[in-house]
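One structure is given here, and the rest of the page talks about it.
Derivation of every value follows stated rules applied to the coordinates shown; laboratory data play no part. None of these values were measured; they are calculated from a predicted model. Counting neighbours? That spans all protein chains shown, and the Cβs are built from the backbone with ideal geometry, glycine included.
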Amino acid sequence: MQGVDLHTHSNISDGTLSPEQLVHAAVEKGIHTLALTDHDSMDGLKLAENIAQDLPLKIISGVEISSQWSRPATKKNYAVHVVALNMQNPEPLLALLEQQKQIRAIRAKQICDLLVPLIGEDIYADVIAKVEGVADRITRTHIAKTLVEKGYVSRAQQAFDKYIKEGKKAYVKFDGLGLEETIQVIHESQGFAVLAHPTKYDLSATNIRYLIEIFSKFGGDAVELPPAIEPASTRQMVDRMIEQFGLKVSVGSDFHGDNMPWIKLGNIPRVKEGQVGVWESFV
């Protein structure tokens, strides 16, 4: 399904291109259907729509929502991202996103506070400068980049591994809405709920299968197909679960610009014969 990319980020969250630049880059790549899915924010949507008006590009409303789920057997909470697409009545979702933004802003300050005894410096002012002073746009990527710039680590991934990923001393959980409630709000907004990158949560195969199962049980609409670089066995497992639960599929690059330069805009996985694209149901 070339020409479709339903998972991208701008500098409204942790991408490096502005919404306007992203639109022009998509047109140059031959993309005709683009969803801007920033983390917990739809603030870039109008900017993208305005630029795309006179271009051969359809903008799909979207957002990547930070959510969580739990498995009774382990009594542990797990982070999960749900991409909401093609909302026809966005008000319920916009109300949720206002709450999510506040959580994101508070969490960013908490992470920076926890870093002080570890690195001997408060970097919050430097971090918030990266998002034009808008605290609710701060992601851990902004914090990681600041740690690189100040010489505490050599690469952004090292910042996660040493300080800010789960289990490390400056990690703060994103205490977002539960998975079932997230799907409900998306449906109240007359949108489609897509399980984002199901194989990227550092879960066992058993937990990936369980996550897809409960996502379906809670009324989720589609699962994002794994990128082509994933092992064939991983893709086959996801394909089997999609078929088992009668779910649609979604395709997206998860483009972040220079923050993840190895991910190319419009580089999406192949849709298997018989799979139904969620985009086929868009209004």
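Structure above, values below:
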item: Global form of segment 99-164, assessed from the alpha-carbon gyration tensor, a/c cut-off 1.5; result: prolate
item: Dipole in debye (nearest 20) - segment 99-164, about Cα centre, beta carbon charges: Lys, Arg +1; Asp, Glu -1; result: 260
item: Under the Debye formula (equal points on every Cα, no solvent term), log10 I(q)/I(0) of the chain at q = 0.08, 0.13 Å⁻¹; result: -0.32, -0.89
item: Contour minus Cα-Cα distance for Glu132 and Leu114 (0.36 nm per residue); result: 4.2 nm
item: Of Lys29/Lys165; Lys162/Lys217; Lys130/Lys150; Lys76/Lys217; Lys217/Lys272, pairs whose Cα-Cα distance is over 25 Å; result: Lys29/Lys165; Lys162/Lys217
item: Positive minus negative residues near Lys168 (Lys, Arg vs Asp, Glu; Cβ under 10 Å); result: +1
item: Part-to-part distance (alpha-carbon centres) for segment 193-259 and segment 55-109, which is given in Å; result: 16
item: Sequence of Lys101, Lys264 once ranked by neighbouring C-beta atoms within 10 Å, starting from the fewest; result: Lys264, Lys101
item: Antiparallel %, DSSP beta bridges [both residues in the chain], to 5; result: 50
item: Ranking of Leu97, Leu55, Leu114 by count of other Cβ atoms within 10 Å, fewest first; result: Leu55, Leu114, Leu97
